[in-house]
Amino acid sequence: MIHIIVGGGFDLFSRHTELDGLGAQLMSHTDQYAMARRRAEAKYGFFVHVAVYAAVMVLLVIINLVTSPGGIWFIWPLIGWGFAVVLHGLRVFVLADKNDILDALTERELRQSGMGKPKEGVPRTQPK
């Protein structure tokens, strides 16, 4: 997220979430732990995805070169699945705090379960 900082410059490297300020003060330790846990699980899931991708791609390269060395076909799954891995990484590391669809679904589930809307001053959702 790009935001203007004191002095008129741009701070391209910091990411601010809805938890800044009052919202963070109102959250319990348990809620903060749960948010941190979800973010850690999302990152772990991405790293597992990358590891499986790499292992399968090595296997496909070997299979391709052993069975049909004249025709290189492994490049297609490499590109296709590689694109999915990049999208997964963007979702986990860049767009982690921006999920309007998940926010809306969470609020809908809270209403249906009878919990209602979150309290005033508490963030609507928590980052993954």
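Computed from the coordinates by the stated procedures, all read-outs in this text should not be read as laboratory data. Computed from a predicted model, the values in this text were never measured in an experiment. Here Cβ is always computed from backbone atoms with ideal geometry, including for glycine, and neighbour counts include all displayed protein chains.
Quick look at the values:
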item	result
Dipole magnitude of region 28-113 about its Cα centre (Cβ charges: Lys, Arg +1; Asp, Glu -1), debye to nearest 20	120 debye
Rounded FRET efficiency, nearest 0.05, which uses the C-beta distance separating residue 40 from residue 62 and R0 of 35 Å	0.55
Note, ³J(HN,Hα) from phi for region 79-90, Karplus 6.51, -1.76, 1.60, rounded to Hz, x at Gly and Pro	6, x, 5, x, 4, 5, 5, 4, 4, 4, x, 4
Using θ = phi - 60° and Karplus 6.51 cos²θ - 1.76 cosθ + 1.60, couplings along region 109-115 (whole Hz; Gly, Pro as x)	5, 4, 5, 5, 7, x, 7
From phi via Karplus (6.51, -1.76, 1.60), per-residue ³J(HN,Hα) for region 47-63 in Hz, x at Gly/Pro	5, 5, 4, 5, 5, 5, 4, 4, 5, 5, 5, 4, 4, 5, 4, 4, 4
